[in-house]
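S.K.: Supplied in structure tokens, the structure appears directly below.
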Amino acid sequence: MQRGALLDAARTLLSEGGTEALTFPALAERTGLARSSVYEYFRSRAAVVEELCAVDFPIWAAEVEAAMERAGTPEAKIEAYVRRQLALVGDRRHRAVVAISAGELDAGAREKIRAAHGGLIAMIVEVLAALGHDQPRLAAMLLQGVVDAAVRRIELGAAENPDEITEAAVGMVLRGVRG
């Protein structure tokens, strides 16, 4: 119960103030726990980050995968992959992951994020292989690069609204994957 409250507080702190806001005193204050109690659950900020990734990223990936499964054609699956990720930008879990990714993390936390991201990319590799790409993994990495750039653009509050960014990213990806 307390662990869940700490993770929820960490999500809020990260989405509101970035990695600098994620401190044990702030976690204690948000949850009403003593600071020493926070250390009973997590040994470091990196441990909080690792747990958030372990808990939140699979939920996010499952949402992307479900959107892809509802799509009929390979192109529709690719479109769903891009649209669902960009739709999740406003989600508090996503804002926390973006804040985490932007911060300085230890090697273990970075590896967990990289592995989780690899699972997301693996979803699209199969679709690109079905489209006949010679290098579906490379194409998937490049496709994800477009998604990541669109995410950053939306997160920055760019001059374009999120719908325009999404449409531009979908168009670019679909034209690119068709070769």
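S.K.: Please determine, in degrees from 0 to 90 and to the nearest 10, the orientation of helix 45-70 with respect to the longest principal axis defined by the Cα atoms of the chain, where the helix direction is its Cα long axis.
M.R.: Approximately 30 degrees, to the nearest 10.
S.K.: Let me ask something else about it. P(r) of the chain in 10 Å steps, Cα pairs, percent per bin?
M.R.: Per 10 Å bin, starting at 0, the Cα pair percentages come out as 10, 35, 31, 17, 7, 1.
S.K.: Shifting gears a bit: Sum -39500 (n - 2.57) across every DSSP H segment of at least 4 residues in the chain, then divide by the residue count to get the 222 nm mean residue ellipticity, nearest 500.
M.R.: -26000 deg cm²/dmol
S.K.: Ok, one more. Under the rule a/c < 1.5 gives rounded, and otherwise a/b versus b/c splits prolate from oblate, where does the range 136-178 land using the Cα gyration tensor?
M.R.: Oblate is the answer for the range 136-178, as a/c is 1.5 or above yet b/c matches or exceeds a/b.
S.K.: So for the pair Arg43, Glu167, with labels modelled 7 Å out along Cα→Cβ, what separation do we get in nm?
M.R.: With each label point 7 Å from Cα toward Cβ, the separation is 5.1 nm.
None of the figures in this text is laboratory data; all of them are computed from the coordinates on show. Not measured: the values here are computed from a predicted model. Positions of Cβ are backbone-derived with ideal geometry, glycine not excepted, and every protein chain shown enters the neighbour counts.
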